[in-house]
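Heads up, the thing below is written out as structure tokens.
The values are calculated or read from the model by the stated rules, or taken from the named source; none is laboratory data. Everything numeric in this text was worked out from a predicted model, so none of it was measured. With ideal geometry, Cβ positions are generated from the backbone for all residues, glycine too; neighbour counts draw on all protein chains shown. Ligands, DNA and RNA are stripped out before the accessible areas are found, and what is left, the full protein with its side chains, is counted by its heavy atoms. Shrake-Rupley method; radii C 1.70, N 1.55, O 1.52, S 1.80 Å.
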Amino acid sequence: MNKKQKIRWIFCVAGMAFRKWISLKNFLILLFAAIFLGEYVYRDMISVAQLTHLQINMLEPFDLVMSFQFYILVIPLVFCVLLSGFPDNSANNIFAFSRSNRVMWLCGQLLFGMLTGTLCILFFIVTSLLWVGRNGVFSKHWSSFMTDMYAGFPEIYAKNDRLFLESGTMSHGTPISVAIICVGLMLCYFMVLLQILCFFHLTGHKKMGMFVAMSVTVIGAMSVSFFEKISWLFPMTHAIFGVHFDKFYAQPKCKIVWSLLYFLVLNILLFAENVFQVKKCRIGDNG
């Protein structure tokens, strides 16, 4: 089998898995998660903006969610739930196993997972834009809502400080660049989660894989606030743009490039282990 055929089969495996994944149940899970963020974050931002007559940049609600450790938790946890059966090595996939080698099948499954993760993030971006709607404006600069609230309405700011990006975040990018970096970091983290789920599923411990993936996510996010000295050991911390910079002085705590290198090394190690495991797994063994 030549290189083109291998790539074709990787996409074939990913396509079969993606078609099987698309369902009303998964759409409803995404929808309920988006509604939760809308009710808890976006609606309050709009209310405060209307009260003060300050404008919101259309991308700022999404940037806020992706930059704050407790808001961002929703996205990877939902992602884990959406891929609770990942990877599918059931007997239904015997065709994919027989026509491609196991490493190609693994690559196809990971590609499917990343396609699902990309769709998940796009869904949250679109729903945040729709939620803000006519209450927001498109601009390459941070809005008056983020830059002028503290000086103009200190009491309102103090009561609603959870609705504002920290100065360190705004000092190191524009709304568009922050959104792009946030998406990139989250996709890197999704790959880590996929490989954790994959490892435990292939070794016959599917439920343990889900527990580990969710625990790493929750503990990593909580460590930012409660165990800062060890927080950078967790991949979740590296996925949060806002914690890379000091809150008041805007100095980098950890450069983005170091987080990308961290994800690269971790994913290479996990992939090597999964390649070893997939060569031993049995078709039809769901763990």
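By a straight-distance test (C-alpha under 28 Å), which lysines pair with residue 4 as possible cross-link partners, with residues fewer than eight away in the same chain excluded?
Reachable lysines: 20, 279, 280.
Using a Gaussian network for the chain with springs between C-alpha atoms less than 10 Å apart, which of these wobbles most: 214, 191, 16?
16
Whole angstrom only: what separates the Cα centroid of the range 1-16 from the Cα centroid of the range 159-233?
The two parts, judged by their Cα centres, are 30 Å apart.
Just in the range 137-213: which chymotrypsin sites (Phe, Trp or Tyr not before Pro) are loop by DSSP and have at most 14 other Cβ atoms within 10 Å?
138
Over the chain, what percent of the accessible surface lies on carbon and sulfur atoms, probe 1.4 Å?
Heavy-atom surface of the chain belonging to carbon and sulfur, 1.4 Å probe: 68 percent.
So what are the ³J(HN,Hα) numbers for the range 107-122, from phi and the Karplus equation (6.51, -1.76, 1.60; θ = phi - 60°), rounded to whole Hz, Gly and Pro as x?
4, x, 5, 5, 4, 4, x, 6, 5, 5, x, 4, 4, 4, 5, 4
Tell me which residues come under 5 Å, amide H to amide H, from residue 245 once H is placed; ignore anything under 5 positions away on its chain.
Long-range HN contacts for residue 245: 253.
Quick one: Karplus J couplings for the range 67-83, per residue in order, coefficients 6.51, -1.76, 1.60, θ = phi - 60°, nearest Hz, x for Gly and Pro?
Using θ = phi - 60°, the values come out as 10, 10, 4, 8, 6, 5, 3, 4, 5, x, 5, 5, 4, 4, 5, 4, 10 Hz.
List the aspartates and glutamates whose Cα sits under 13 Å from the Cα of residue 6, skipping any in the same chain fewer than 8 residues away.
none
Let me check I've understood the local charge: for residue 178, count other residues with C-beta under 12 angstrom from its C-beta, Lys and Arg +1, Asp and Glu -1. What total comes out?
-2
If you plug each phi of the range 139-156 into the Karplus form 6.51 cos²θ - 1.76 cosθ + 1.60 with θ = phi - 60°, what whole-Hz ³J(HN,Hα) values come out, in order, with x for Gly and Pro?
My calculation for the range 139-156 gives 7, 8, 10, 5, 7, 5, 4, 7, 9, 10, 4, 4, 6, x, 9, x, 5, 5 Hz in order.
Of 118, 52, 127, which is the most mobile in a GNM of the chain whose springs link Cα atoms less than 10 angstrom apart?
52
For the chain, what is the calculated [θ] at 222 nm in deg cm²/dmol (nearest 500), taking -39500 (n - 2.57) for each run of four or more DSSP H residues and dividing by its residue count?
Numbers: 16 runs with 195 residues, N = 287.
Computed mean residue ellipticity for the chain: -21000 deg cm²/dmol.
Percent of Cα-Cα pairs per 10 Å bin, from 0 to the last occupied bin, for the chain, please list those.
6, 27, 31, 21, 11, 4, 0
Probe of 1.4 angstrom, ligands and nucleic acids ignored: what's the accessible area per residue over the range 167-287, in square angstrom?
For the range 167-287, the solvent-accessible area averages 50 Å² per residue.
Could you give the length gained by full extension between residue 122 and residue 207, i.e. 0.36 nm per residue of separation minus their alpha carbon distance, to one decimal place?
27.8 nm
Beta carbons within 10 angstrom, averaged per residue: use that to sort the peptides 263-274, 58-69, 104-115, 217-228, highest first.
58-69, 104-115, 217-228, 263-274
Quick one: which residues, 5 or more positions from residue 137 or on another chain, have an amide H under 5 Å from its amide H? H modelled 1.01 Å from N in the peptide plane, none for Pro or chain starts.
56, 57, 58
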